[in-house]
Amino acid sequence: HVQLVESGGGLVQPGGSLRLSCAASELTENTFCMSWFRQAPGKEREGVASIDSDGNTDYADSVKGRFTISHDNAKNTLYLQMNSLKPEETAMYYCAADPWRSGAFCYIGADFRYWGQGTQVTVS
């Protein structure tokens with residue numbers, strides 16, 4: 001089944017940028033939904049961005065205009081470009097995927113079958 005491995009987290013100054021990556025193995029289906037979530041200490045998990053196999057995207061209001069989710073089919077890798085980062089966005093960022101789901105069923109906060117281990121993003 002699908003395995004997800006995140007990378008690209010680290011320390012960045014406020015207003016800076018980071019690009020997260022999520023390498024997906026065994027995700028070869030033509031139809032899929034992939035998403036980024038984040039969870040800060042003491043807070044609930046928050047859906048950040050999602051993308052389906054047709055390239056349709058969904059973003060949390062708090063990141064619209066600053067974050068961009070994309071997927072490279074050839075590399076089977078999910079990306080999250082994060083610009084103008086804010087200190088309150090310090091969190092563990094997780095990659096999630098669900099095969100055979102797309103379109104109206106692919107959105108932030110949706111239930112996902114597979115999850116990565118997370119990568120830490122610290123903005124300070």
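The values are calculated or read from the model by the stated rules, or taken from the named source; none is laboratory data. Predicted, not measured: the structure shown is a model, and the values here were computed from it. Positions of Cβ are backbone-derived with ideal geometry, glycine not excepted, and every protein chain shown enters the neighbour counts. Areas reflect the complete protein model, heavy atoms only, side chains present, ligands, DNA and RNA absent. Shrake-Rupley method; radii C 1.70, N 1.55, O 1.52, S 1.80 Å.
Would you check which residues across the stretch 72-93 are open to solvent by 40 Å² or more (accessible area, probe 1.4 Å) and either among the acidic types (Asp, Glu) or at pLDDT below 95 (or both) and list them?
The answer is Asp72, Asn73, Ala74, Lys75, Glu88.
For the stretch 5-12, check the following and say yes or no: at least one residue is of a type in the set (Asp, Glu) and open to solvent by 20 Å² or more (accessible area, probe 1.4 Å).
No, the conditions are met nowhere in the stretch 5-12.
Report those strands (runs of 3 or more DSSP E) wholly inside the stretch 42-93 carrying at least 1 residues which are small (Gly, Ala, Ser).
Here the list reads 46-52, 67-72.
Taking the condition of being assigned to a loop (DSSP other than H, G, I, E, B) and either free of Cβ contacts under 8 Å to residues at least 24 places away in the same chain or small (Gly, Ala, Ser) (or both), how many residues in the stretch 1-40 meet it?
Going through the stretch 1-40 one residue at a time, the tally reaches 7.
May I ask you to list the residues in the stretch 1-32 that are in contact with a Pro (Cβ under 8 Å, 6 or more places away or on another chain) and within 20 Å of Gly109 (Cβ to Cβ)?
Scanning the stretch 1-32 gives Val2, Thr31, Phe32.
Considering only residues that are open to solvent by less than 60 Å² (accessible area, probe 1.4 Å), hydroxyl-bearing (Ser, Thr, Tyr) and under 12 Å from the mean Cα position of the chain (by Cα), which ones fall in the stretch 106-124?
Thr119
Of the conditions (1) hydrophobic (A, V, I, L, M, F, W, C); (2) modelled with pLDDT of 95 or more; (3) open to solvent by 30 Å² or more (accessible area, probe 1.4 Å), Ala49 clears all except one; give me its number.
(3)
Could you please let me know if Leu4 is among the aliphatic types (A, V, I, L, M), modelled with pLDDT of 95 or more and touching a Cys at 6+ places or on another chain (Cβ under 7 Å)?
Yes, satisfied.
Listed here are the residues, each with its yes/no results for (1) open to solvent by less than 10 Å² (accessible area, probe 1.4 Å); (2) among the β-branched types (Val, Ile, Thr); (3) at negative phi.
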{"position": "Ser35", "(1), (2), (3)": "yes, no, yes"}
{"position": "Ala40", "(1), (2), (3)": "no, no, yes"}
{"position": "Glu44", "(1), (2), (3)": "no, no, yes"}
{"position": "Tyr59", "(1), (2), (3)": "no, no, yes"}
{"position": "Val63", "(1), (2), (3)": "yes, yes, yes"}
{"position": "Phe67", "(1), (2), (3)": "yes, no, yes"}
{"position": "Cys95", "(1), (2), (3)": "yes, no, yes"}
{"position": "Trp100", "(1), (2), (3)": "no, no, no"}
{"position": "Ala104", "(1), (2), (3)": "no, no, yes"}
